[in-house]
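Here is the structure we will look at.
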Amino acid sequence: MGKLSRIGVAIDSELLKRFDALIAKRGYVNRSEAFRDLIRDVLVQTTWESPDSQVVGTVTLVYNHHVRQLSDKLTGMQHEYHHNVLSTMHVHLDHDHCLEVLVVKGKASVVQRVADSLIATKGVKHGRLAITTSGAGL
Ligand code: NI
């Protein structure tokens, strides 16, 4: 962490009351950490908006493994992007359904394409890309 700067923020009292209620619910012990997290979150999102920036994220997929060739198709796509898929976890949710979590890394545009292709594959019931950061520079 760099040098600390103190800032004063003028904010509508009603808005501040709502903010305080929200951060208390989320377990923040003070406003400063909540503000820092909000700023970092916006910075991470902004990074993802630059197609060439390096990003980290996770892709969660839920699918029925009885769908013909779906597991093979999803595995094939992950091999195609093996430089971007760092790790996968597979959970057999029940007799029919599988949940996979992939850790993805690389150029934002490529990682987004990998996530979109996997999520859009026929038979995938639900998919979500969660964006995060390597933490450098935050
Ligand atoms: Ni399974």
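The values are calculated or read from the model by the stated rules, or taken from the named source; none is laboratory data. Keep in mind that what you see is a predicted model, and the values were worked out from it rather than measured. Virtual Cβ from ideal backbone geometry, glycine too; neighbours counted across all protein chains shown.
Would you check if V114 is of a type in the set (A, V, I, L, M) and not in a strand (DSSP E or B)? Full working, then the answer.
On the way: of a type in the set (A, V, I, L, M): yes; not in a strand (DSSP E or B): yes.
Spelling it out, V114 is indeed of a type in the set (A, V, I, L, M) and not in a strand (DSSP E or B).
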Considering only the stretch 48-59, state which residues are surrounded by fewer than 17 Cβ atoms within 10 Å (Cβ to Cβ) and either outside any strand (DSSP E or B) or within 16 Å of the ligand (Cβ to nearest atom) (or both). E49, S50, P51, D52, S53
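Which of the following residues is part of a helix (DSSP H, G or I), of a type in the set (A, V, I, L, M, F, W, C) and out of contact with any strand residue (DSSP E or B) (no Cβ under 6 Å at 6 or more places or on another chain): A34, A136?
Details: A136 fails: part of a helix (DSSP H, G or I).
Residue meeting the stated conditions: A34.
In this structure, is H65 surrounded by 15 or more Cβ atoms within 10 Å (Cβ to Cβ) and free of Cβ contacts under 8 Å to residues at least 40 places away in the same chain? Before you say what the answer is, go through the steps one by one.
Values: surrounded by 15 or more Cβ atoms within 10 Å (Cβ to Cβ): yes; free of Cβ contacts under 8 Å to residues at least 40 places away in the same chain: yes.
It is true that H65 is surrounded by 15 or more Cβ atoms within 10 Å (Cβ to Cβ) and free of Cβ contacts under 8 Å to residues at least 40 places away in the same chain.
Tell me yes or no: at least one residue of the stretch 90-107 is on the phi < 0 side of the Ramachandran plot and small (G, A, S).
Kept after step one, since they are on the phi < 0 side of the Ramachandran plot, are these residues of the stretch 90-107: 90-105, 107.
With the extra rule that they be small (G, A, S), the set shrinks to none.
No, the stretch 90-107 contains no residue that is on the phi < 0 side of the Ramachandran plot and small (G, A, S).
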Index of the failed condition, K122 passing every other in (1) in a helix (DSSP H, G or I); (2) exposed (fewer than 15 other Cβ atoms within 10 Å of the Cβ): (1)
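Only one residue in Y28, Y63 is more than 18 Å from the chain's Cα centre (by Cα) and assigned by TED's automatic domain parsing to the domain that holds L74. Which one? Working first, answer last.
Values: Y28 fails: assigned by TED's automatic domain parsing to the domain that holds L74.
One residue alone meets the criteria, Y63.
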Can you tell me which condition E100 does not meet? The list is (1) loosely packed, with under 15 Cβ neighbours inside 10 Å; (2) among the charged types (D, E, K, R); (3) under 13 Å from K125 (Cα atoms), and all the others hold. (1)
Could you tell me whether any residue of the stretch 61-74 is outside any loop (DSSP other than H, G, I, E, B), at pLDDT 95 or above and away from the ligand (no atom under 16 Å from the Cβ)? no
Would you mind finding the one in G137, G127 that is out of contact with any Lys or Arg (no Cβ under 9 Å at 6 or more places or on another chain), modelled with pLDDT under 95 and of a type in the set (G, A, S)? G137
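Looking at L102, L86, can you tell me which residue is within 16 Å of the ligand (Cβ to nearest atom), of a type in the set (A, V, I, L, M, F, W, C) and in a strand (DSSP E or B)?
On the way: L86 fails: within 16 Å of the ligand (Cβ to nearest atom).
Among L102, L86, only L102 is within 16 Å of the ligand (Cβ to nearest atom), of a type in the set (A, V, I, L, M, F, W, C) and in a strand (DSSP E or B).
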Report whether or not T132 is within 16 Å of the ligand (Cβ to nearest atom), surrounded by 11 or more Cβ atoms within 10 Å (Cβ to Cβ) and within 30 Å of F19 (Cβ to Cβ). no
